[in-house]
Amino acid sequence: MCALVTMTPVGCRAYRDIPQTIGNNTAQIDALMIEVDAGAPAMSTSIAFAHQAATAPMTLRSPEDFDNATYRDLSLEQAVQLAVDSADVLRDLGATVLRSPGQVTTTEALGLVQTDPQSSIEAALSAYDAQFYAFGKWQNNDRRFNNRFFGGGSTAFKQDTHDYVAQLSKRTATGAQFAVRSVTDYDANNATGNLFPSAWQTQLHAEARQPLLQGGGLTFNRIAGPGAQPGVYNGILIAKVNSDITASKFRSQTRDFVSDVMNAYWDLYFAYRDLDAKRDALERARQTWESFQAQKTSNRKSGASEALAREQYYRFKAELQDAIAGKLAQRTQVDNSSSGGTFAGQGGVQACERKLRLLIGLPISDGTLIRPSDEPNDAPIVFDWDSISAEAIQLRSELQQQRLTVKRREMELLAAKNFLMPSLDLVSIYRLRGLDKHLAGNDSAFAEVGSLDYQEYEASVELRLPVGFRQGHAAVRHARFQVSREKAILHEQERQVLHDLTAVVADVDRAFAQVQTSLNRFLAASEALDVLEANRKAGLPVNLEQLLDAQRRISESQSRYYLSLVEYTIANKNIQFEKGTLLETANLMIADLP
C-alpha cells in the first residue's frame with residue numbers, strides 16, 4: 001500500500017473541494033444539470049430586468065405629439081459619462097452581443113488576461129513557486145526462498161517496511177533547481193545477519209541542479225520560462241508584453257465605443273434639426289394648400305393648382321413622418337467609410353434616440369425623449385500637421401500594440417538562440433545519514449544524523465546534445481521571420497494611420513467649406529421664398545411651380561445646413577480618433593493600463 005501527496009501553496013482555500021473529491025458530493029453539478037436539462041431557463045433576476053427593459057415603446061405620430069412629449073436634455077459629456085458608467089459590456093449597434101458574444105469586449109477583459117492560469121504573469125511566476133512533495137509507503141513481505149542467501153540466512157523471510165519522503169524544491173530565475181529532501185525508511189525482518197531486529201534509516205539531502213548552457217541564465221528564463229520548448233515561450237517578460245497588448249486593445253475598443261456614443265449623439269442632434277426643417281416645410285405647404293383651396297372654391301384658380309399644392313403638402317407630411325420615426329437604416333458608426341465613422345445623416349428622431357439609449361445604457365423606453373443640449377462647433381479649426389502626425393504615430397493604440405508585438409518577437413528570437421547550445425547541467429547532492437533501532441531520541445537515526453558522522457557528497461555533469469541542432473536552427477529562422485513580418489506590418493500600419501489622418505484633415509476642411517456654402521444656400525433659398533410669399537400675399541401673379549419649388553429648396557437647404565454642421569463636428573472628432581487622443585478629449589482615463 002502506498003500514498004502520494006503533492007501540494008503547491010495556494011492559500012487557505014486549497015482544501016475547500018474535499019466534499020466533492022473524497023465524499024463524492026455532486027449536489028452542485030446536479031443543480032446545474034437540472035437547469036441544463038430544462039433548457040437553461042431564464043433566472044428570476046434576468047426576467048425582472050427584461051420586464052423593466054421591455055417597457056412598451058413610446059410612439060409619436062404627429063408634431064403635436066412632440067409638443068406634448070416629456071424631454072430629457074442631455075449634453076455630450078453626460079452621454080459619454082452615462083455610457084462609461086454602465087458599460088459592463090462595450091456595446092455596439094451591430095448586435096454583436098447576439099451574433100458573436102465571444103467577440104464582445106467587457107470590463108473583465110483585463111482581469112481575464114491577468115488571471116489566465118496558462119499565460120498570465122501570475123501563471124509565469126507560479127513556475128518559480130516552492131513545491132512541497134510527500135510520499136509514504138507501507139509494505140509487508142512474507143515469502144520463502146530456495147536459497148538461504150536470498151533470504152538473509154533463512155529460507156522463510158518475513159519483513160515489514162515503511163518508506164517516507166518529504167521534499168521542498170524551488171526553481172530560481174537563473175534556471176537552477178534547489179531541493180531539500182528527507183528520506184526515511186523502516187525495516188523489520190528476520191534476517192540472521194541484522195545489527196538490529198528492526199531499524200530506522202534516515203537521510204537528509206541537499207540537491208542543486210544548474211544548467212550551464214541551454215536553459216540557463218536570467219535572459220532565457222525570464223523570456224521563455226523554465227521547461228520551455230523551441231517556439232513555445234511563456235516567461236514572465238512574454239506574459240508582461242501580452243498583458244500590455246491586451247490593455248492597449250482594451251483602450252482601442254473603449255475608444256471605438258466612446259466614438260460610437262458621440263456618433264449616436266450627433267445623429268440624434270441632426271434628427272431633431274431635420275425634424276424642425278420638415279415641420280417648417282409642412283406648415284408652409286399647409287398654408288399654401290389652404291390658400292389655393294380657397295381660391296379654387298371661389299373659382300379664381302384651377303383645380304390643378306390646388307392639387308399640386310396638396311401633393312406638396314402630403315409629400316412634406318410623409319417626410320415629416322419619416323423624420324419623426326426614422327427607419328432601420330445605416331447609422332454613423334466606427335469603421336463605416338472611415339475609422340471613426342462617416343456621418344450617415346439618415347434622420348428619424350425616435351430611431352436615433354433608441355440607438356443612443358442602447359449605447360449609453362438607459363432603458364430603451366421610459367416615457368421621455370432624450371434631446372441633445374450641445375450645439376455643433378462651427379468655428380474654423382486649423383491643425384498643425386507635424387504635431388498631429390507625431391501624436392498619431394506615438395499614441396494610436398493599434399501602433400502601440402504592434403510595437404509591443406515586435407518587442408515580443410525580438411525577445412522570442414533571443415530565447416530561440418538558446419536552443420543552439422547543448423544542454424549541460426551541473427548536479428550536486430550533499431547527504432547526511434543515520435541508522436539505529438529507533439527513529440528519534442537516544443540511540444536513534446535522527447541522533448546519528450545530528451552527529452554528522454556519516455556525510456556523503458555527489459557531483460555530476462550531464463550533457464545532452466542533438467547532433468546538428470535541426471530544431472534549434474529552425475526555431476531561430478522562424479523567430480527571425482516573425483520579427484521581419486511584424487516590423488513590416490508596423491511600417492504599413494504607420495502608413496495607413498498617416499493616410500487616414502490625412503483623409504480626415506481634408507474632410508475637416510471640406511466639411512467647414514460645406515458649412516459656409518450650405519448656410520449661404522439656405523439664406524438664398526429663404527430670401528427667394530420670402531419674395532415669392534410676399535408677392536403672393538400682395539395679390540401679384542406668382543408661378544405656382546416656382547413657389548412650390550422654392551418651398552422644397554428651403555427645406556432641403558435647411559436640412560443640408562445642419563447636416564454639414566454635424567459632418568464638420570464628426571470630422572473634428574475623427575481627428576482626435578485618428579491621432580489617439582479621443583479618450584483624453586472626452587476626459588476619460590482607463591485604470592490599470594501600463
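Given Arg560, Arg553, which one is more than 24 Å from Ala379 (Cα to Cα) and of a type in the set (Lys, Arg)? So that I can check it myself, show each step before the final result.
Working: Arg560 fails: more than 24 Å from Ala379 (Cα to Cα).
Result: Arg553 is the single residue among Arg560, Arg553 that is more than 24 Å from Ala379 (Cα to Cα) and of a type in the set (Lys, Arg).
With respect to Asp386, is the statement that it is at pLDDT below 95, charged (D, E, K, R) and touching a Leu at 6+ places or on another chain (Cβ under 6 Å) true? It is false that Asp386 is at pLDDT below 95, charged (D, E, K, R) and touching a Leu at 6+ places or on another chain (Cβ under 6 Å). Selection of segment 182-239 for residues being at pLDDT 90 or above and aromatic (Phe, Trp, Tyr) yields Tyr186, Trp200, Phe220, Tyr233.
Residues that are out of contact with any Asp or Glu (no Cβ under 9 Å at 6 or more places or on another chain) and either of a type in the set (S, T, N, Q) or free of Cβ contacts under 8 Å to residues at least 24 places away in the same chain (or both) were ranked within segment 168-179; the one that is nearest to Ala415 (Cα to Cα) is Thr174. Scoring Gly580 on the criteria (1) assigned to a helix (DSSP H, G or I); (2) within 30 Å of Ala392 (Cβ to Cβ); (3) of a type outside the set (Ser, Thr, Tyr) leaves a single failure, condition (1). Only residues that are buried (at least 20 other Cβ atoms within 10 Å of the Cβ) and over 48 Å from the mean Cα position of the chain (by Cα) were counted across segment 549-561, and they come to 2. Out of the residues in segment 220-260 that are among the hydroxyl-bearing types (Ser, Thr, Tyr) and part of a helix (DSSP H, G or I), which is surrounded by the most Cβ atoms within 10 Å (Cβ to Cβ)? Ranking the qualifying residues of segment 220-260, first place goes to Ser259. Here Gly215 fulfils each of the conditions (1) assigned to a helix (DSSP H, G or I); (2) in contact (Cβ under 8 Å) with a residue 24 or more places away in the chain apart from (1). Checking each residue in segment 519-531 for being among the polar types (S, T, N, Q) and either in contact (Cβ under 8 Å) with a residue 12 or more places away in the chain or on the phi > 0 side of the Ramachandran plot (or both) picks out only Ser526.
Exactly one residue out of Glu391, Glu398, Glu353 is of a type in the set (Asp, Glu), within 30 Å of Ala224 (Cβ to Cβ) and part of a helix (DSSP H, G or I), and it is Glu398.
So, in segment 185-197, how many residues would count as being farther than 15 Å from Thr155 by Cα and either surrounded by 13 or more Cβ atoms within 10 Å (Cβ to Cβ) or of a type in the set (Phe, Trp, Tyr) (or both)?
Filtering segment 185-197 down to residues farther than 15 Å from Thr155 by Cα leaves 185-188, 194-197.
Add one more test, that the residue is either surrounded by 13 or more Cβ atoms within 10 Å (Cβ to Cβ) or of a type in the set (Phe, Trp, Tyr) (or both), and what stays is 185-188, 194, 196.
Residues in segment 185-197 being farther than 15 Å from Thr155 by Cα and either surrounded by 13 or more Cβ atoms within 10 Å (Cβ to Cβ) or of a type in the set (Phe, Trp, Tyr) (or both): 6 in total.
In segment 87-100, the residues that are in contact (Cβ under 8 Å) with a residue 12 or more places away in the chain and more than 18 Å from Lys249 (Cα to Cα) reach residues that are surrounded by 14 or more Cβ atoms within 10 Å (Cβ to Cβ) and not aliphatic (A, V, I, L, M) with C-beta atoms within less than 7 angstrom, at least six apart or across chains, in these pairs: Leu93/Asp260; Leu93/Arg331; Leu93/Gln333; Leu93/Lys355.
When residues of segment 532-545 are filtered for being aliphatic (A, V, I, L, M), without any contact (Cβ under 8 Å) to a residue 12 or more places away in the chain and in contact with a helix residue (DSSP H, G or I) (Cβ under 9 Å, 6 or more places away or on another chain), how many remain? Final tally of qualifying residues: 2.
Inspect segment 404-427 for any residue being among the aromatic types (Phe, Trp, Tyr) and either surrounded by fewer than 17 Cβ atoms within 10 Å (Cβ to Cβ) or closer than 26 Å to Arg495 by Cβ (or both) and give the result as yes or no. Taking every residue of segment 404-427 in turn, none turns out to be among the aromatic types (Phe, Trp, Tyr) and either surrounded by fewer than 17 Cβ atoms within 10 Å (Cβ to Cβ) or closer than 26 Å to Arg495 by Cβ (or both). Here Asp335 meets the list (1) acidic (Asp, Glu); (2) modelled with pLDDT under 80; (3) assigned to a helix (DSSP H, G or I) almost entirely, failing just condition (3).
Within segment 107-127, the set of residues being β-branched (Val, Ile, Thr) and either at positive phi or surrounded by fewer than 15 Cβ atoms within 10 Å (Cβ to Cβ) (or both) comprises Thr107, Thr115.
In the set Thr192, Thr202, which member is outside any loop (DSSP other than H, G, I, E, B) and touching a residue at least 24 places away in the same chain (Cβ under 8 Å)? Working first, answer last.
Numbers: Thr192 fails: outside any loop (DSSP other than H, G, I, E, B).
Result: Thr202 is the single residue among Thr192, Thr202 that is outside any loop (DSSP other than H, G, I, E, B) and touching a residue at least 24 places away in the same chain (Cβ under 8 Å).
When the residues of segment 288-332 are filtered to those that are of a type in the set (A, V, I, L, M, F, W, C) and in a loop (DSSP other than H, G, I, E, B), the one that is modelled with the lowest pLDDT is Ala329. Only one entry of Gln493, Gln516, Gln482 meets the criterion of being in contact with a helix residue (DSSP H, G or I) (Cβ under 9 Å, 6 or more places away or on another chain), part of a helix (DSSP H, G or I) and free of Cβ contacts under 8 Å to residues at least 24 places away in the same chain, and that entry is Gln516. Can you find a residue that is surrounded by 15 or more Cβ atoms within 10 Å (Cβ to Cβ), within 48 Å of the chain's Cα centre (by Cα) and small (Gly, Ala, Ser) anywhere in segment 515-534? There is at least one residue in segment 515-534 that is surrounded by 15 or more Cβ atoms within 10 Å (Cβ to Cβ), within 48 Å of the chain's Cα centre (by Cα) and small (Gly, Ala, Ser).
The values are calculated or read from the model by the stated rules, or taken from the named source; none is laboratory data. Please read all numbers here as calculations on a predicted model, not as lab measurements. When we count neighbours, we look across all protein chains shown, and the Cβ atoms used for this are built from the backbone with ideal geometry, even at glycine.
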